[in-house]
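The values are calculated or read from the model by the stated rules, or taken from the named source; none is laboratory data. The model shown is predicted, which means the values in this text are computed figures rather than measured ones. Heads up, the Cβs are rebuilt from the backbone with ideal geometry, glycines too, and the neighbour counts pull from every protein chain shown. Ligands, DNA and RNA are excluded from the accessible area calculation, which covers all protein heavy atoms including side chains. Shrake-Rupley method; radii C 1.70, N 1.55, O 1.52, S 1.80 Å.
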Amino acid sequence: MSTENFNPFRMAQAQFDEVADRLNLDEGARGLLRNPMREYHFNIPVRMDDGSVQVFRGFRCQHNDARGPSKGGIRFHPQETIDTVRALSMWMTWKCSVVDIPLGGGKGGVICDPHNLSMREQEQICRGWVRQIVRDVGPLQDVPAPDVMTSPQHMLWMMDEYEAITGGRYPGFITGKPVGMGGSLGRTEATGFGLIFTVREALKQLNIRPQDTVASVQGFGNVAQYAIRLYNQLGGTVTCVSSWDQNDQKGYAFRKTDGIDLDQLLSITDKFGGIDKAKAADLGYEVLDGDQWIEQDVDILLPCALENQINGETVKKISNRVKIVGEGANGPTTPEADKVLEERGIFNIPDFLANAGGVTCSYFEQVQCNMNYYWTKDEVLGKLDQKMTEAFIAVSELAEKHNLYMRKAAYVISVSKVVDACRARGWI
Ligand code: NAD
């Protein structure tokens, strides 16, 4: 979230400026790509269960759609800000480009806290969000998806509202829908699995066997849970995970030095990815302060919760053993911390590559909706592995060829492709 000291949009712009300098982009290209092409701010009035009306603030940013319709999630969060949405829409442009799918970058959000809202109230927010923006989104313009604290159910309500207003059946309007209602098999696993496909490739490059590695993970939501599942299947051991405690309003880290038991922890985790700390302690987990996930003696760090988690301060706590940082979350590493990771020779798998599995599978969902024919889970995950691996190899080859840090190489590839598309269209 954007705070006085951390503004994700300024960070996204700083990252872009650096690559713009490297690519010698002219003022026109910089002017176009430094800001979203379009953004929408609106009110969503909702009749609450107690009869009162509460007005929620909603946003949608379409950063760039030169390569295809905008694509990006909708976040429900009490500290959502327009600058967070702007940054995330920009990162989506780079993400779709780096994995080479024909989509642009978008992002949306609503300032609200689903913890304190009934399902009916959440449904009204979803329907209200669509009513406010219906003219400017759609299968050929801008395709939303779930993100932090939004689920397949939220997507289905949004699709239903869109179809009610437009009078047709448009499953391609939104992705992340429930399976059987236009959703794709494998979407739930996609981001976490995609992250581990890239970690697997990084380990290959470093000549390290997954079974010889240990990891610490921040977050225990959708991305983290499936990342841990696949990492475990490859033979890796997770010794620490952290999550947010809604009652205490703080994070806790849960450590078991011989390896956490994923299914056991899942059985004491709520639907928001919050682990019950009393039950975890009963099961023999050490309950630590939430920040301690980063200082663990591990080979791999997987930030899978929030932005701004590896910053100028916290980066100093990273153990000398760490070889890979795989960014499941969006924007977890600040430019200041990035410099330190680069100097220390830590292999970075940048967010917009590492977590691109979600949008890649969303793209597969759209393709299946358009064909009205759905693939098996193995087909989806096989195609996902292929896309993620190809993207990883393209970035790492460029990084090696020009002796570039992975994030910079990923930026060079993705920004170049977007600039080419804008030029080909005659926009710049
Ligand atoms: P989620 O809501 O399912 O899970 C978030 C997890 O982070 C929860 O376990 C929560 O307890 C934990 N958390 C929150 N604040 C924390 C804190 N201060 N310390 C420790 N843990 C904390 O969300 P998700 O879908 O897993 O997304 C996680 C990140 O990945 C976000 O940055 C999101 O933008 C990004 N992402 C998600 C997807 C996707 O498909 N879900 C795709 C791309 C990127």
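Summarising the label geometry, the points placed 7 Å from Cα in the beta-carbon direction at D245 and D49 lie 2.6 nm from one another.
Taking 0.36 nm per residue of separation and subtracting the Cα-Cα distance, full extension of the segment from F272 to S416 would add 48.1 nm. Normalising the average separation of contacting C-alpha pairs (under 8 angstrom, six or more residues apart) by the number of residues puts the relative contact order of segment 168-270 at 20 percent. Computed in the context of the full set of protein chains, the accessible area of segment 252-377 at 1.4 Å probe radius has 46% of its extent on carbon or sulfur.
Across segment 111-117, computed HN-Hα scalar couplings (Karplus, 6.51 cos²θ - 1.76 cosθ + 1.60, θ = phi - 60°) run 7, 6, 10, x, 4, 9, 10 Hz from first to last residue, x flagging Gly and Pro.
Highest mean first, the peptides 315-326, 300-311 sorted by other C-beta atoms within 10 Å per residue fall in the order 300-311, 315-326. For segment 7-109, with all protein chains present and a 1.4 Å probe, just round the carbon and sulfur fraction of the accessible area to a whole percent. Here carbon and sulfur together make up 45 percent of the probe-accessible area.
Segment 179-253 and segment 4-65 have Cα centres separated by 28 Å.
Counted as membrane-span-like here are DSSP H helices of the chain whose alpha-carbon atoms extend 30 Å or more along the helix's own axis and whose Kyte-Doolittle mean is -0.5 or above; these are 377-401. Counting only protein heavy atoms and a 1.4 Å probe, segment 292-428 has 40 square angstrom of accessible area per residue. The value obtained for the chain, namely the Cα convex hull volume divided by the number of residues, is 137 Å³ per residue.
Note on D113/K401: beta-carbon distance plugged into 1/(1 + (r/R0)^6) with R0 of 56 Å gives a FRET efficiency of 0.75. Expressed as a fraction of 2.2 N^0.38 Å, the value expected for a compact globular protein of N residues, the C-alpha radius of gyration of segment 202-241 is 1.15.
With contacts taken as Cα pairs under 8 Å at a separation of at least 6 residues, the chain carries a relative contact order of 16 percent.
All other residues whose Cβ lies under 12 angstrom from that of F9 are scored, Lys and Arg at +1 and Asp and Glu at -1, for a net of +1.
Between R169 and K377, residue separation times 0.36 nm minus the direct Cα-Cα distance comes to 72.5 nm. Taking a Cβ cut-off of under 14 Å around D282, the surrounding Lys, Arg, Asp and Glu residues balance to a net charge of 0, with basic ones at +1 and acidic ones at -1. Kirkwood radius for segment 1-143, taken over all pairs of different Cα atoms as the inverse mean of 1/r, rounds to 16.0 Å. Distance between Cα centroids, segment 327-371 to segment 95-146: provide it in whole Å. That distance is 20 Å. Across segment 27-33, coupling constants 3J(HN,Hα) worked out from phi with the 6.51/-1.76/1.60 Karplus curve, θ = phi - 60°, read 4, x, 5, 5, x, 6, 9 Hz, and Gly and Pro carry x.
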